Every structure is written in structure tokens, then in C-alpha cells.
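Everything below concerns the one structure shown next.
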């Protein structure tokens, strides 16, 4: 029941936004809708953490600890992003770049985007989940191209072409999993439900499952932004409006990764851990190497953040490859921590773009002296994202590395550490350029409005608190990890 | 329908699907390519119809009819509108010339036979034997997206990929459950509409139709 309410919230909000057209209060209504999603997510999590999964609509929707955790991630980052959307649209309308009709479209699409992501993590059926993930592609295409500049349209084109091919491959993978289930020969009625696939996993034909998993990793990996299908990501994330970048980078990537986690659990049952592990290690390391080599030469701070997402997706792919309960719990904590930190940074970068009018790293100087609040948020966001304590990314990276060493992937952990060190150096040098320096004479200290500072500082404090206190998430993380670990 | 007619009809339709994929590589004129695509869509629908009649599966017959309508008529019509904007309407500068790309497509077909061996072994029916043709169509679609530079050609490549996957789905599992099948078909339609909107905007605002002109974003 609660699951249905959860899905209905953004759908109804989108409907309201579409009928009354854009006003400021509609923006706040959209924010409230995400607040409701977050609260319902927390309630659902407390219900399923020690109890069996909740089903609705005869199993079409299914909430277990993993789904509930993902709902919390979507709600938290979505809340931040919709809060900043109000400011983004205000500024766009004031400058005449955006009409009321366009602003309405933006608000409706964002709510649709949230609904599709919620459906993807709540679906009890792999086919419905596939449809939901594909729906996110179609909806976000228009959000990426919202500014209608040449660059934005070009990014949308690449995004929809590459992701459609990727998601088509994931569909083929799903078809092959279904084929393997049809021929599993354990007499059970074959459906595309997660539960029935999981219970049949030991009877699935290994040859077909190998091909299926490879296609799924390539296919959903495209949406995750894993190499070699990552090339859309820096374009789309740098061209989209900042709140959309925050949603896409902070949540959408990991919603696609959620699909991979589920399929990996099925493949582990059918194939044993070695083949899935080899596949995840390969794409993970490849992503890290590509991110490290391309981050060095970035001159655009939004592209820098986008490549940073490729790095983090590589890290969680390596963590998933290890596959122990500790590793998966760390992967999930990393999903939340990365979402918060990357959300804060993209939203701060949107504010920087608004006030400075450029995305070039070279042209942004002395932020800390000129705009202390905004510069401080950006600086702490970078510290969080680079995995320094006390932020939760430090804890999750450490635990993923520990788990990798425990299962004999020490060599991969070592390579990932080298890549992280290179990225650390590159981001520090770019960040230093933007943040430090003396304020030019005669330029006053600029204030940053509290609509920007309060939510972003709140998110950073949350990310720090998660790193220091295991409570209140540790039970949920453990329960969620056990969903996909035997 | 006796078994011999069933399997030869199936072979004929599946063969037509892959043949059309080759035709898209062979022809340079985009309107000829769209025609080949329409024929391919109809052939794909016929595969579903034949399977449906053979299995007395009404749902599959309905899906077949919908596929013929969507891929044989609606999508080609949408594509033709994109082409109406394109003054050249010819793929003038593919990265690989026609004979070489046909040889490449042949090699990809062999690759498809190799890669689908475990799948064919699992489904040893007359439908199952044709599964490699679906994967081959998919790979040819991929290939043509890489070597062709016109925006419209990329949409064609995407549709080839999708038709290949649909062929595999029909032959291997007689269609995944209806809801998913419909979701997938509707999705292709939507993607084509989205791409059309983008192509029109790129063309009308910035006069871009060649992908080589999409050079705004790079590292």
C-alpha cells in the first residue's frame, strides 16, 4: 500500500504542475513531493529491515531492504535537486532564456524522471524494471537539452543514441535470462519476477547465462557510465541544467547499478562467483583508468565532476566484484555518499555558473575569498568526493578495498588506489585554482543566498555524519546487502 | 499449418530480416534504406505471426500485427519526415566503402553464429536454429552506426539493433511476457520520436545533419 502511495506522490505532483503551470509555489510543491518520497522511503526501510519484503499489486511492486535503501537515496538527492530547481528556473525566467511553458515542462519532466526511477527500484519484475530504466532515458533527454544550446542538443543526441543501444543490449540480456529460466527444468512456473529468478538461479543454463550477464553488464553499464560505454556521460552531465546533472550523476547512475547488483546475484547462483567477478573487475578497472587519464586534462569544471562519476562507478563495480556482505554494504554506503557529495558539487557548480557565467576552470578564481559560502561548500564537497575523512566516502572506500583484499583481488585494489591517487592530484590542482587566491581590490565579498547554502550544507553535514556514526543506517545496509548475497 | 511449411515460412521471414540488414549497408540513398527497414519490420512481424499461428497463441499473433503496423508503417513514415529536411539525402561519406562493409557484415554474421552456440544448443527447434540471424542483424546495426555519419543513418542503425533483438526474443522465447514486449516496442517508437525532434531542432537552429558537425563537445 505504502509502495503505491510512494509511486503516486511524484505522478500526482507532476499532474498538478502540468495543470497549474509554473509558479514559485509549484516549485516548492515539487520539493515537498521529494520530501514525502524521502519520508516514505524511511518508513518503508524501518518496516522491511527486519521483516520480509512488502508486495503490492500481486507482486508487480516489491519492497525489500535494497529497494527501500534506493528509495532513500532517490528521495535525499531528489530533495536537494528540486530545491535548487526553484532557483535555477527563477534565474532562467528572469534572464529571459526560458518561458513559463518551458519551466512547466521542466517541473513535470523532473517529477516523471523521479517516478521512473522509483518504479525501477520498486519493480518486482525485471521486465518492468527494464521499461522504467528506459523511460528515464527518454525523459532525461529533454532535460539534458533543456537549455536548447547547440552543445545541449548535441549532448542529448549522443545521450539518447548511446543509451538506447545500451539499454537494447540489456533487453537482449533480459530475454536470455528468461530463456534460461524457461529451460531451467525445475518445474516451477516461469516468470520474470526477481524472486522466481533468484530461486531458480542454480538451475539456469551456464552457457546462456554467461552471454546474458555480459550483455547486461554492457547494457546497464552504459547507463551506469562504466567504460567502454561511458562516452555520453561527460557531455550529458556537463550540458544539463545543474539540478538535472545532480539527479543524473547522483542517482540515475546508481539506479542502473542497482539493476546490475540484482542480476549479478542471479548470475552468481548460476555460474559461481568467478565469471561475474572477472566481468565486474574488468569494467571497473577500465572505468578507473579512463577517468584517471581524462581528468588530468580537464578545463571545464562540470566535465571534471562528470569524469569523477566514471571513477566512482568504477569503484563500486570493483566493490560489487568482491561481493562479500561487507563489500556490498560498503558499495551501498558509497552509492549514498557519492550521491550526496556529487549532488552538492553539481548544485554548487550550477550556482558558480550562474554568478560567474563560465564553466572554464581557468576563469574562476579565488572563490573562497570572493564568495566564502559558495567556495566553502565547493571545497568541502571536493574533500568529501575525494574520499577524505570524516565523510562517508572514506569509510565506504576503505571497506571496499578491505573486502577486495579479503577475496584475493588485492592487485585490483592496488591499481584502483593508484588511479585514485592520480585523480586526487588532478582534482586538487583544478580545485586549488578555482578556490584559492586573493580577492581583487575593490571587489566586495559576495553573499550566497540561503536557498543555496542551507540545503547544501545540510547535505554535507549528513554525508559527514554518515561517515562518523554507523547508526542509523548500518542495520539497513546489512539487510540490503543480504538481499543480493547468498 | 504442417511442420514443413511452418519451418520454411519461418526461415523465409527470418532470412528476409537479415537480407534487409545487408541492403541497408549496400544502398547509399537514405530513402532506399528506409524502405529496406520497412520491409524488415514487416518480415519481423511475420515471424511473430507464423510462430503465433503455429503455437495457437493469440497474444503472439496480436503482437505480430502490432509489430507490422509500428515497424512497417509508423516508424518509416516518421523517418521519412526527417529525410524531407535533408537536402542531400545520400550517405556520401561513410568511413568504410560499400564492398568492405558488406564483407564486414558477413564476418559479423559468422561471429553471431559462434556467439549464440550455447543458446542454439538450449533451443534445438527449427525456430532456435535461426537465433544467430537475430544477433547478426544486431551486430550489423552496431556496425552501421559506427561507419555512417548522417544523423538519419544512426537512427537506422539503432532500429536494426532493435529489430535484431526482437527477432532473438521471438525465436528464443516466443516473446517475453506481453507487458514487457509492448513496453519495448513502444519504447522504440518513443526513441524515434525523440530523435526526430532533436534532429529537427539541430537542423533548423544550427543546420547540423552530419555527425561530423557535432564537434562542440570534446575533451
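At-a-glance table
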read-out	value
Enumeration of residues in segment A:282-316 that are buried (at least 24 other Cβ atoms within 10 Å of the Cβ) and farther than 22 Å from residue A:345 by Cα	A:283, A:284
Qualifying position, being crowded, with 23+ Cβ neighbours inside 10 Å, within 19 Å of the chain's Cα centre (by Cα), outside any loop (DSSP other than H, G, I, E, B) and at the interface with chain B (Cβ under 7 Å from one of its Cβ atoms), among A:160, A:110, A:208	A:160
Selected residue (only one of B:96, B:82, B:67 is under 21 Å from the mean Cα position of the chain (by Cα), at pLDDT below 90, closer than 30 Å to residue B:205 by Cβ and surrounded by 14 or more Cβ atoms within 10 Å (Cβ to Cβ))	B:82
Residue satisfying all of: in segment A:115-128; assigned to a helix (DSSP H, G or I) and more than 10 Å from every other protein chain (Cβ to nearest Cβ); surrounded by the most Cβ atoms within 10 Å (Cβ to Cβ) among these	A:117
Filtered residues of segment B:107-143 (kept if outside any helix (DSSP H, G or I) and at the interface with chain A (Cβ under 9 Å from one of its Cβ atoms))	B:116, B:123
Count of residues meeting criterion [over 20 Å from the mean Cα position of the chain (by Cα), touching a residue at least 60 places away in the same chain (Cβ under 8 Å) and within 10 Å of another protein chain (Cβ to nearest Cβ)] in segment A:130-150	1
Segment B:140-153 - residue that is surrounded by fewer than 22 Cβ atoms within 10 Å (Cβ to Cβ) and touching a helix residue (DSSP H, G or I) at 6+ places or on another chain (Cβ under 7 Å) and, of those, modelled with the lowest pLDDT	B:149
Segment B:147-158 - residue that is part of a helix (DSSP H, G or I) and more than 10 Å from chain A (Cβ to nearest Cβ) and, of those, farthest from residue A:125 (Cα to Cα)	B:147
Filter pass, residue A:166 being facing chain B (nearest Cβ under 7 Å) and under 26 Å from residue A:277 (Cβ atoms)	no
Helices (runs of 4 or more DSSP H) within segment A:258-372 that include 2 or more residues over 30 Å from residue A:448 (Cα atoms)	A:274-295, A:301-322, A:325-356
Test: residue A:153 is under 23 Å from residue A:455 (Cα atoms) and within 14 Å of another protein chain (Cβ to nearest Cβ)	no
Count - residues of segment A:170-204 that are assigned to a helix (DSSP H, G or I) and within 8 Å of another protein chain (Cβ to nearest Cβ)	9
Residue that is in contact with a helix residue (DSSP H, G or I) (Cβ under 9 Å, 6 or more places away or on another chain), more than 9 Å from chain A (Cβ to nearest Cβ) and in a helix (DSSP H, G or I), where the choices are B:188, B:192, B:197, B:161	B:192
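Let's see how each residue does on (1) assigned by TED's automatic domain parsing to the domain that holds residue A:423; (2) under 19 Å from residue A:277 (Cβ atoms); (3) surrounded by 20 or more Cβ atoms within 10 Å (Cβ to Cβ):
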residue: A:370; (1), (2), (3): yes, no, yes
residue: A:376; (1), (2), (3): yes, no, no
residue: A:380; (1), (2), (3): yes, no, yes
residue: A:384; (1), (2), (3): yes, no, yes
residue: A:387; (1), (2), (3): yes, no, yes
residue: A:391; (1), (2), (3): yes, no, yes
residue: A:395; (1), (2), (3): yes, no, yes
residue: A:400; (1), (2), (3): yes, yes, yes
residue: A:403; (1), (2), (3): yes, yes, yes
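The values are calculated or read from the model by the stated rules, or taken from the named source; none is laboratory data. Values in this document were obtained by computation on a predicted structure and should not be read as measured data. Using ideal geometry, Cβ is built from the backbone for each residue, glycine included, and neighbour counts are taken over all protein chains shown.
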